[in-house]
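Engineer: Below: one structure in structure tokens.
The values are calculated or read from the model by the stated rules, or taken from the named source; none is laboratory data. All of these numbers come straight from a predicted model, not from anything done at the bench. Glycine gets a Cβ as well: all are built from the backbone with ideal geometry, and neighbour counts include every protein chain shown.
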Amino acid sequence: MPRNPDKTDYTGGFPVNFQSFEQINDPRNGGNTLHHFGEIIFMAFTCILCGVKSYDLMQEFCEVRIKWFKKWINLPNGVPSYNTFARVFEAIDPGEFSHCIATHLKQAGVDLAADQIAIDGKALRGSRNKEDPHIHVVRSWARDRGGTLAQCFVGEKSNEITAIPELLEMLNLDGTVVTIDAMGTQRDIAEKITAKGGDYIFCVKGNQGSLHKEIIDQFDFATRQLGKKTLDLTNWSYD
């Protein structure tokens, strides 16, 4: 017998003022559905805002805070298992979910800007299975506010390079300083940041051969030019 014998429609269930996420289609089918799709998305979104970084911790967080969640959603069959969270997010478009987050925050009056924005990629714990590797999430972190501004999901770590420009497109970079590790040290990414009014601090490693050597040479040359007697203020400045 199917677990949903009454054929309850679980494809909706989005709470009030959460309409930005309704464009995501419920990918589930069959008779084993027990949880409203909109409620799963709402719980996952809340977990992400609170810094939860794995599916098993999503389940634990929601169980601990179930009284708070029931103020906003029905939870007819309790909190979904971590496997349910994993299956849903393996099936939906992660980029679409990230855009919904950015749209929702903007509609809520949250300005996706900060004085300093750190961008980094991490593997999402609990997202790996026998067939697929870990899902990688690229996040932008507001250093002064201490919170995530926006994020993108990618299948492999190497795809972070293509995800970073998409992430930057969601953010207000005017007057900000963006920091990225060596993987993001790319000409296109630098141009996108400056085009949106921001500045950047990139890392360079020894395996980035000619660029690494050129930077060392530039600093050596600059050091020789920064003496008080030889400093040419029209060409150099320092802090």
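Engineer: Are there any pairs with C-beta distances below 8 angstrom linking a residue in the stretch 63-83 that is loosely packed, with under 12 Cβ neighbours inside 10 Å to a residue that is assigned to a helix (DSSP H, G or I) and among the hydrophobic types (A, V, I, L, M, F, W, C), with the two at least 6 apart or on different chains, and if so which?
Structural biologist: Once the first residue is loosely packed, with under 12 Cβ neighbours inside 10 Å and sits in the stretch 63-83, its partners that are assigned to a helix (DSSP H, G or I) and among the hydrophobic types (A, V, I, L, M, F, W, C) give GLY78/ILE66.
Engineer: Given the criteria modelled with pLDDT of 80 or more and acidic (Asp, Glu), does GLU156 qualify?
Structural biologist: No; evaluated as a whole, the condition is false for this residue.
Engineer: I would also like to ask the following. Return yes when VAL178 is surrounded by 13 or more Cβ atoms within 10 Å (Cβ to Cβ) and assigned to a loop (DSSP other than H, G, I, E, B) and no when it is not.
Structural biologist: no
Engineer: Go through (1) in contact (Cβ under 8 Å) with a residue 60 or more places away in the chain; (2) outside the structural domain of VAL137 (by TED's automatic domain parsing); (3) closer than 27 Å to ASP144 by Cβ one by one and return the number of the condition TYR55 breaks.
Structural biologist: (3)
Condition check ((1) modelled with pLDDT of 85 or more; (2) in a helix (DSSP H, G or I); (3) touching a Gly at 6+ places or on another chain (Cβ under 6 Å); (4) not assigned by TED's automatic domain parsing to the domain that holds GLU160) across all residues:
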position	(1), (2), (3), (4)
ASP26	yes, no, no, yes
GLU39	yes, yes, yes, yes
MET43	yes, yes, no, yes
GLY51	no, no, no, yes
GLN59	yes, yes, no, yes
LYS67	yes, yes, no, yes
ILE73	yes, no, no, yes
ILE101	no, yes, no, yes
ALA118	yes, no, no, no
